[in-house]
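*Asks:* Below you will find the structure I want to go over with you.
The values are calculated or read from the model by the stated rules, or taken from the named source; none is laboratory data. None of the values given here were measured: they were computed from a predicted structure. Here Cβ is always computed from backbone atoms with ideal geometry, including for glycine, and neighbour counts include all displayed protein chains. Heads up: the accessible areas ignore ligands, DNA and RNA and are worked out on the full protein's heavy atoms, side chains in. Shrake-Rupley method; radii C 1.70, N 1.55, O 1.52, S 1.80 Å.
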Amino acid sequence: MSRFSRRSVLLGLAAPVAALLFAALVSAIILGTTGHAPLDAFQAMLASAKRPRTVVNSIDSATTYYFSAVAVAIGFRMNLFNIGVDGQYRLAAMLSAAFAGATFMDGVPAVLRVAATIVMAMCVGAMWAGVAALLKVARGVSEVISTIMLNAVATAVVSFLLNPHRLAVSVAGSNNIGTRPIGSGGQVPGFGYPGTSSRVFGLILLAALVGVLYSLVLTRTRFGFELKATGMSEPAAVAAGVSVKRMVASAMLLSGAVAGLVGMPQLLGSSYSYSLDFPTGLGFTGIAIALLGRNSPIGMAFAALLWGVLDQSANVLDITGVPKEIVAIMQGVIVLSVVVAYELVRRYRLRLEQRDVGRALGTTEAPPSTPTPVAAMV
Amino acid sequence: MSATGTAVCAGTVLRARRQRISPLGYTGIGLAVLAAVSAVRVATGASDLTSSGTVGAALAAAVPIALAGLGGLWSERAGVVNIGLEGQMVLGTLGAGWAGYQYGPWAGVLMGLLLGALGGLVHAVATVTFGVDHIISGVAVNLVAPGLGLFLAKLVFRNAPGGGQKQSPPVRDVRHLTAPYLTSWLGSLERRQWFLVSDLAAVLRGLTFQISTLTIVAVLLLVATFVVLWWTPFGLRLRSCGEAPYAAESLGVNVRRYKYAAVIVSGAMAGLGGAFLAVSSGQFRDGQTGGRGFIGLASMIFGNWRPGGLAMGAGLFGYTDAMQLRGSDAVHALLLLLGIALLVLTVIQARAGRVVLAAVAGVLGAAFVLWFAATDEVPPELVGATPYVVTLLVLALASQRLRMPKADGQIYRKGDGG
């Protein structure tokens, strides 16, 4: 059976579509029971999503989310759970912002300066993830727990460093504080879009590059093969001569390096400084998007775009009197229902395949199969 | 049934027996730790290290963490990892705020418990029925709960008297109890500032003065959890689901039902922890839980998936939490304490022949002592990181005895035992 047969494509699309519909339904029910008109809210969001400004902002959010999703997905591919993307990108963005904004960087040529900033961010992200990798490899500490702890430690370190006595300066005209702004020589210009003054992040190209590299490494290199092999069956990988410890360490470091990029589009494309209002929590968004996109480079791109559109068009809801948190609920329901849907599709596909096998073997009855989804729900 | 069930867990019980310390031993260790803290207090003059105020604040801070940890214990003992504790706690704060301002604090507590249990039910449906990865489902619960909390807060609290977009109207606190006579006598003893004696008096006073009724409920739940999970057939079967679900299944245990029960109780405990936060601080606020669900999870791992260890872990977190609000000299003295603890660990590990670990612990310990000697205060921003750093250190340097339930986090599919 070909990998891209009509049935497998349909089944592959069934789960995300079903999850989206289910999430819309749940949101509609919540809106309906709390006295709002669901259709009006959805229409307002749709109208907002079509505006050029929202389009640009959605693409910009999606760029940021995509880095985060790829960082999470690298870990997922070998059953590593890097919950620490959140701390890794915040620390990386903060330190590289201070580095790029420092006075000695003013004379450095633009290309070199931007490249140095990005490399710095990747190194910091990898270093912070490296702590978890070290604990896992040397002491067998679950990366879930250690990265949760490291997120909290990163929060403390960032607030310690982001202090006027250390790396921060006051932002003019407000009581916000941030790192010294990066001069025009260290910024990445954006692309214009007709109908709005907002610009598409220039680093969207880097996001595309990371996506391509991610795909190439996984499908065309020995490292990628070993990564996937370890994720699918550790004993089999060990039997084939893969050093699991080395794989854990390199996957975690790579994941951290990509996590370091999460803050870059925002830093180099729009805020030019790491201040108190720098976006937080993007690491968790990345987990959701990686799940929705099934760790596939293309799937995650669509998922990131969907997330960006939902987030940006939600802003209009507060004006219409609907709390915009309905979108957060919708997103959570999407994550949960998409994994449930994938599981149901998996069971269904298994049954189909068993039936095919049964037919090929000449027996008329299907071999015993796993319970049907309906029976499983009881 | 219980006889065959015993066979399932016999191995676990035997291993646990071997390393168990007698109650007298625990008392001795506790006194030794207190003596060390007391010595540091006398040496540095940081009286807040053991003042009854600190101990009381530590206890209040430890309760929600311990409740979240208990939630983690229930579900992980049945083999389901529950990262969604944080979200279930948020639901607890929401329920307590909503019912609390209308019908009084105990109604709030009940509502928080119920909403938390509902969060647990969602996690159970996803993980047990649909076989979703436990971490993924937990992350999803953590995504939905704050969104739902804020959504409902905007709807029901905005127009309520004294409420706002992100907070509920005020909720009355439950009654606080004080042990009669004892506290004034202990208080006079505490003021003498004697070595060890005053510290012991301060600790006792902190544990008996103005104690929230909910704290007492939490302590009772801790004891009840131990009794139910370790001394009843129900608990034995529940734990067998976490150790060897297919073996339990072959003995006739309805593994799914036990997992459901465990995860729902888990959510209820976390919800109760959230309700404690809302009731004791006087209202529901957005972001009130502040990661305590995760810390609860860490305290349970810290405590080796046992109620007593969990309580110790929660106490440690509560203590460092309370320290943040105390004088800066007490926090500074904490550095010395941490250094000493690491140096003691160095000796223990060196005697056990683990050279590398001992060396790492020794270097870190020396660094903390040096940090203490070279500075006059700890930057306040870093104090908040203490519990997390301590957890990392414990996991990194002293965790060779931690043993989680054998089938923890694994997806169970009925009849797949092979």
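*Asks:* Before we move on, is A:Val339 buried (at least 17 other Cβ atoms within 10 Å of the Cβ), touching a Ser or Thr at 6+ places or on another chain (Cβ under 9 Å) and at pLDDT below 90?
*Replies:* For A:Val339, the condition - buried (at least 17 other Cβ atoms within 10 Å of the Cβ), touching a Ser or Thr at 6+ places or on another chain (Cβ under 9 Å) and at pLDDT below 90 - is met.
*Asks:* To continue, here is another question. So B:Leu113 passes all but one of these: (1) surrounded by 22 or more Cβ atoms within 10 Å (Cβ to Cβ); (2) away from chain A (no Cβ under 14 Å); (3) not in a helix (DSSP H, G or I). Which condition number does it fail?
*Replies:* Result: B:Leu113 passes all but (3).
*Asks:* State whether one or more residues within the range A:48-58 are exposed (fewer than 12 other Cβ atoms within 10 Å of the Cβ), more than 24 Å from the chain's Cα centre (by Cα), modelled with pLDDT of 90 or more and part of a helix (DSSP H, G or I).
*Replies:* Scanning the range A:48-58 turns up no residue that is exposed (fewer than 12 other Cβ atoms within 10 Å of the Cβ), more than 24 Å from the chain's Cα centre (by Cα), modelled with pLDDT of 90 or more and part of a helix (DSSP H, G or I).
*Asks:* Among the numbered criteria (1) surrounded by fewer than 20 Cβ atoms within 10 Å (Cβ to Cβ); (2) within 14 Å of chain A (Cβ to nearest Cβ), which single criterion is violated by B:Ala361?
*Replies:* The single condition B:Ala361 does not satisfy is (1).
*Asks:* Here's something else I'd like to know. Does A:Ser68 satisfy the criteria of being over 19 Å from the mean Cα position of the chain (by Cα), within 22 Å of A:Thr285 (Cα to Cα) and within 14 Å of chain B (Cβ to nearest Cβ)?
*Replies:* no
*Asks:* Give the range B:235-259 a look and list any residue that's in contact with a Pro (Cβ under 6 Å, 6 or more places away or on another chain) and open to solvent by 20 Å² or more (accessible area, probe 1.4 Å), or say none.
*Replies:* Across the range B:235-259, the qualifying residue is only B:Glu243.
*Asks:* If we scan the range B:143-164, do we find a residue that is modelled with pLDDT of 95 or more and open to solvent by less than 10 Å² (accessible area, probe 1.4 Å)?
*Replies:* Within the range B:143-164, none of the residues are modelled with pLDDT of 95 or more and open to solvent by less than 10 Å² (accessible area, probe 1.4 Å).
*Asks:* Does A:Ile148 meet the test of being part of a helix (DSSP H, G or I) and open to solvent by less than 50 Å² (accessible area, probe 1.4 Å)?
*Replies:* So A:Ile148 fits the description; yes.
*Asks:* Ok, one more. Using the structure shown, decide if B:Ala314 is touching a helix residue (DSSP H, G or I) at 6+ places or on another chain (Cβ under 9 Å), closer than 12 Å to B:Leu73 by Cβ and either assigned to a loop (DSSP other than H, G, I, E, B) or not basic (Lys, Arg) (or both).
*Replies:* It is true that B:Ala314 is touching a helix residue (DSSP H, G or I) at 6+ places or on another chain (Cβ under 9 Å), closer than 12 Å to B:Leu73 by Cβ and either assigned to a loop (DSSP other than H, G, I, E, B) or not basic (Lys, Arg) (or both).
*Asks:* Give the residue that is nearest to the other protein chains (Cβ to nearest Cβ), with candidates limited to residues of the range B:278-310 that are surrounded by fewer than 24 Cβ atoms within 10 Å (Cβ to Cβ) and assigned to a helix (DSSP H, G or I).
*Replies:* Among those residues, the one meeting the criterion is B:Gly309.
*Asks:* Looking only at residues in the range B:378-406 that are in contact with an Asp or Glu (Cβ under 9 Å, 6 or more places away or on another chain) and within 13 Å of another protein chain (Cβ to nearest Cβ), which one is most open to solvent (accessible area, probe 1.4 Å)?
*Replies:* B:Met404
*Asks:* Residue pairs, Cβ under 6 Å, 6 or more apart or interchain, first in the range B:342-370 and under 22 Å from A:Val137 (Cα atoms), second among the hydroxyl-bearing types (Ser, Thr, Tyr) and open to solvent by less than 50 Å² (accessible area, probe 1.4 Å). List them.
*Replies:* Correct list of pairs: B:Ala358/B:Thr346; B:Ala361/B:Thr346; B:Gly362/B:Thr346.
Condition check ((1) over 22 Å from B:Arg239 (Cβ atoms); (2) within 14 Å of chain A (Cβ to nearest Cβ)) across all residues:
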residue: B:Val81; (1), (2): no, yes
residue: B:Gly84; (1), (2): no, yes
residue: B:Pro105; (1), (2): yes, no
residue: B:Leu121; (1), (2): no, yes
residue: B:Ala124; (1), (2): no, yes
residue: B:Ile135; (1), (2): no, yes
residue: B:Val141; (1), (2): yes, yes
residue: B:Leu148; (1), (2): yes, yes
residue: B:Pro161; (1), (2): yes, no
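*Asks:* For the range B:73-99, give me each residue that is more than 26 Å from B:Lys406 (Cβ to Cβ) and hydroxyl-bearing (Ser, Thr, Tyr).
*Replies:* B:Thr93
*Asks:* One residue is enough: does the range B:146-169 have a residue meeting the conditions assigned to a helix (DSSP H, G or I), hydroxyl-bearing (Ser, Thr, Tyr) and in contact (Cβ under 8 Å) with a residue 24 or more places away in the chain?
*Replies:* No, that holds for no residue.
*Asks:* Scanning the range A:203-241 for residues that are in a loop (DSSP other than H, G, I, E, B) and surrounded by fewer than 18 Cβ atoms within 10 Å (Cβ to Cβ), which turns out modelled with the highest pLDDT?
*Replies:* Among them, the one singled out is A:Thr221.
*Asks:* State whether the residues of the range B:91-102 include one that is open to solvent by 10 Å² or more (accessible area, probe 1.4 Å) and under 22 Å from B:Arg257 (Cα atoms).
*Replies:* No, because not a single residue in the range B:91-102 is open to solvent by 10 Å² or more (accessible area, probe 1.4 Å) and under 22 Å from B:Arg257 (Cα atoms).
*Asks:* Then there is this: Filtering the range A:158-189 down to residues that are assigned to a helix (DSSP H, G or I) and crowded, with 20+ Cβ neighbours inside 10 Å, which residue is farthest from the other protein chains (Cβ to nearest Cβ)?
*Replies:* A:Gly186
*Asks:* Something else now. Read through the list (1) open to solvent by less than 20 Å² (accessible area, probe 1.4 Å); (2) over 29 Å from A:Gly35 (Cα atoms); (3) within 11 Å of chain B (Cβ to nearest Cβ), then give the number of the only condition that A:Arg347 fails.
*Replies:* (1)
*Asks:* Of the conditions (1) more than 8 Å from chain A (Cβ to nearest Cβ); (2) surrounded by fewer than 21 Cβ atoms within 10 Å (Cβ to Cβ); (3) out of contact with any Lys or Arg (no Cβ under 6 Å at 6 or more places or on another chain), B:Gln167 clears all except one; give me its number.
*Replies:* Among (1) more than 8 Å from chain A (Cβ to nearest Cβ); (2) surrounded by fewer than 21 Cβ atoms within 10 Å (Cβ to Cβ); (3) out of contact with any Lys or Arg (no Cβ under 6 Å at 6 or more places or on another chain), the lone unmet condition for B:Gln167 is (3).
*Asks:* Scan the range B:42-82 residue by residue and report those that are modelled with pLDDT of 85 or more and either of a type in the set (Lys, Arg) or not in a helix (DSSP H, G or I) (or both).
*Replies:* Across the range B:42-82, the qualifying residues are B:Arg77, B:Ala78, B:Gly79, B:Val80, B:Val81, B:Asn82.
*Asks:* Quick check, is B:Arg326 in contact with a Lys or Arg (Cβ under 9 Å, 6 or more places away or on another chain) and open to solvent by 30 Å² or more (accessible area, probe 1.4 Å)?
*Replies:* For B:Arg326, the condition - in contact with a Lys or Arg (Cβ under 9 Å, 6 or more places away or on another chain) and open to solvent by 30 Å² or more (accessible area, probe 1.4 Å) - is not met.
*Asks:* If I filter the range B:329-339 for residues that are in contact with a helix residue (DSSP H, G or I) (Cβ under 8 Å, 6 or more places away or on another chain) and surrounded by fewer than 18 Cβ atoms within 10 Å (Cβ to Cβ), do I get at least one hit?
*Replies:* Checked against the condition, which is being in contact with a helix residue (DSSP H, G or I) (Cβ under 8 Å, 6 or more places away or on another chain) and surrounded by fewer than 18 Cβ atoms within 10 Å (Cβ to Cβ), the range B:329-339 yields at least one hit.
*Asks:* Just give me the residues in the range A:7-38 being open to solvent by 80 Å² or more (accessible area, probe 1.4 Å), at pLDDT 90 or above and among the aliphatic types (A, V, I, L, M), in sequence order.
*Replies:* A:Leu21, A:Leu25, A:Ile29
*Asks:* Is it the case that A:Ala290 is over 25 Å from A:Ala47 (Cα atoms) and assigned to a helix (DSSP H, G or I)?
*Replies:* Spelling it out, A:Ala290 is indeed over 25 Å from A:Ala47 (Cα atoms) and assigned to a helix (DSSP H, G or I).
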